[in-house]
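Enquirer: This is the structure, below, for whatever I ask next.
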Amino acid sequence: MLRSIGCFVMAMASSHLKGTAAFSPPTPYRPTILTQLHSTPNPPENESIESYLQQNYPLFESLLSKIPNIYNTLRESDAANGYTLFVPSNSVMENQDPKRKLQIADPRNAEATEKLASYHVVPNGKVTQERLKREDWTVPKIDGVAALSIGGLLTLGGELRVGRSKTGGIFGFGAREDGGVVIGNNEAKVVKSVNVGVRGVVHEVDAFVAPDLIWRYFDILRIPGF
């Protein structure tokens, strides 16, 4: 069932991965008081991702734990090429529609819940916020703007698009890019990023990154009387 969910979601997706562009590191600078206040301190390298999530994102940690052996997977990734997590904030988890909360908690939806959580995990590499924002100047500009070097990410659940965040405008018209990054078709915005462990990174986002299509499976599986 989980495989069929993944195949259907992937068939509906249209995101494509792009290559890595050359990158020149920025000129070093001395942090000001303002930048220090807005920076997010990283936890000690010896703190486990499980402990970090339990302390800072307990509701998402409960969802993530639905993936079998997920922490073994992350520990192995931390020792190799690293990993990336997109973690909905506590307020996002708390403010979910009551129906969705019941669907996630329902054991009949175990496979769909696992799929939902899987979209938030990139197990095969650490993708920092700087890397997400890196531009690719080797391809033509789109509407006068350089393309991002990463157009999508391959998660445990499937591919997710990566795009630029925008603000302003009316009904989607006239909005302008604000320098941020959004993940998935829901355009979940990266709010802040924290390094965890040796090669792990946690991006807090303001929405689920999984496709809305996944929720249809929760509805299908919640058959009265079963």
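So that you can scan it fast, the table gives a plain yes or no per residue for (1) modelled with pLDDT under 95; (2) in a helix (DSSP H, G or I):
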residue: V87; (1), (2): no, no
residue: Q96; (1), (2): yes, no
residue: R100; (1), (2): yes, yes
residue: I104; (1), (2): yes, yes
residue: R108; (1), (2): yes, yes
residue: T113; (1), (2): no, yes
residue: V127; (1), (2): yes, no
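Enquirer: Would you confirm, using the coordinates I've provided, whether N186 is under 26 Å from S62 (Cβ atoms), surrounded by 13 or more Cβ atoms within 10 Å (Cβ to Cβ) and modelled with pLDDT under 85?
Expert: So N186 fits the description; yes.
Enquirer: Has segment 9-27 got at least one residue that is at pLDDT 55 or above, assigned to a helix (DSSP H, G or I), closer than 23 Å to A210 by Cβ and among the β-branched types (V, I, T)? Don't jump to the end; show me each part of the working.
Expert: Residues of segment 9-27 that are at pLDDT 55 or above, as a first pass: none.
No, segment 9-27 has no match at all.
The values are calculated or read from the model by the stated rules, or taken from the named source; none is laboratory data. None of the values given here were measured: they were computed from a predicted structure. Every residue, glycine as well, gets a Cβ built from its backbone with ideal geometry; the counts of neighbours run over all protein chains shown.
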